[in-house]
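Below is one structure, written out as structure tokens; the observations come after it.
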Amino acid sequence: MMEHRVLGRTGLRVSRLCLGTMSFGGDADAAESARMYAACREAGINFFDCADQYNKGRSEEILGALVRGHRDEVLIATKCFNPTGNDINARGASRRHVSRALEASLKRLGTDRVELLFLHHHDALTPLDEQMRAIEDLVRAGKVLYPAVSNYAAWQTQAALAVQERHGWARLQAIQPMYNLVKRQAEVELLPMAAANGLAVFPYSPAGGGLLSGKYQEKTAQGRLVTNKMYTQRYGEPWMHDVAARFSGFCKEKGMHPMSAAVAWVAAHPAVTAPIIGARSLAQLQASLDSLKIAMTPALRAEMAALSRTPPPATDRSEEASS
């Protein structure tokens, strides 16, 4: 049976895994997307993450078609910030763009509201008061139920919460940071900050864009880490590939699929609500779903963490970490 966690302070219960739909309409056509969606629903997943940027809106269109007929049984999150057109103002977190972007997302999704709207990135050009007011307007209109942010630093998130508290606005309920065995910066401030504020945490890239899946140990392997510049840069440091190799060997010894173990490791952090999983096909997705079968004890998690680099503490007083 699927385990559930409470989403922030909303009282809503969300499945222990969230399906990210970035591949819908891109690497996965409509038919394959439908197969992955059905497998997730059968596994008990009730939370689906999307963004207006994914495949130029096609991901939202496919997801919207898939939830038709049982919309009230699922929770949908979408995101805005990235360019949606050539116009200079068709981007960012201004009130103008956020309102227009959300209207377009609702139309593609075929729904009257989304449970969560994530601001996809912090907008350096728009003051936090304006960013939070942009979502507040949509909350009051009933088109967004809960505000959320993705890729914000801990201080930016805390400052946003202060703005909302000062104005009496609906507070943030979730964050979406990058977090995996080779990208552990979130452990330093983001995850403790979220726990202290009762924020849900939905980490993306729990398998490091596929780096931790084990397939890149083959020199002829193809995938995002080879063909996508962003991922090549993000996971291009040699030590990360060394960690991936050690992790793959460790999983083989323990009889675990590396993808399953990578997702389970992220899910086991006490501040994490649900990792966001994704895939190009149902066959690829299965390993992430199988993460639910792994009993990730504190001892096993610590063993896996020891294969990677632990980030320094926020104060840089590393001598206190072992005291």
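Readers should treat all values here as calculations from the given coordinates under stated rules, not as data from a laboratory. Bear in mind that the values here come from a model prediction, so they are computed numbers and not experimental data. Cβ: placed from backbone, ideal geometry, glycine included. Neighbour counts: every protein chain shown.
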Here the percent of antiparallel bridges among DSSP beta bridges lying wholly in the chain, to the nearest 5, is 15 percent
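Defining a contact as two alpha carbons under 8 Å apart and six or more residues distant in sequence, what relative contact order in percent does the chain show?
Details: 565 pairs, mean separation 53.8, N = 323.
So the answer I get is 17 percent.
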Using the Cα centre of the chain as origin and beta-carbon charges of +1 (Lys, Arg) and -1 (Asp, Glu), tell me which of G69, Y235, F47 is placed farthest towards the positive end of the dipole. G69
Can you sort W239, W265 by how many other beta carbons sit within 10 Å, fewest first? W239, W265
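Between A31 and R71, what FRET efficiency comes out of the Förster formula 1/(1 + (r/R0)^6) with R0 = 22 Å and r the beta carbon distance, rounded to 0.05? Each step should come with its number before you reach the end.
Working: r = 21 Å, r/R0 = 0.96.
So the FRET efficiency works out to roughly 0.55.
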Normalise the Cα radius of gyration of region 70-210 by 2.2 N^0.38 Å (N = residues in it) and let me know the number. 1.03
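Quick one: length gained pulling D129 to K293 fully straight, 0.36 nm per residue minus the C-alpha distance? Can you show the working numbers first?
Values: separation 164, 0.36 × 164 = 59.04 nm, distance 4.33 nm.
Contour length minus Cα-Cα distance gives 54.7 nm.
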Just to be sure I understand: of the beta bridges DSSP finds with both ends in region 4-176, what percent are antiparallel, rounded to 5? 15 percent
Contour minus Cα-Cα span, N86 to H167, at 0.36 nm per residue, comes to 25.8 nm
Calculate the spin-label point distance for D316 paired with K56, positioning each point 7 Å from the Cα along the beta-carbon direction, and give it in nanometres. 4.7 nm
Taking 4 °C and 1.567 mPa s as the conditions, I'd like the Stokes-Einstein D for the chain in µm²/s, using the Kirkwood hydrodynamic radius from alpha carbon pairs. 64 µm²/s
Put a dot 7 Å past each Cα toward the Cβ at K252 and R100; how far apart are the dots in nm? 5.4 nm
Mean ellipticity per residue at 222 nm, deg cm²/dmol - from DSSP H runs of n ≥ 4 across the chain, formula -39500 (n - 2.57): -12000 deg cm²/dmol
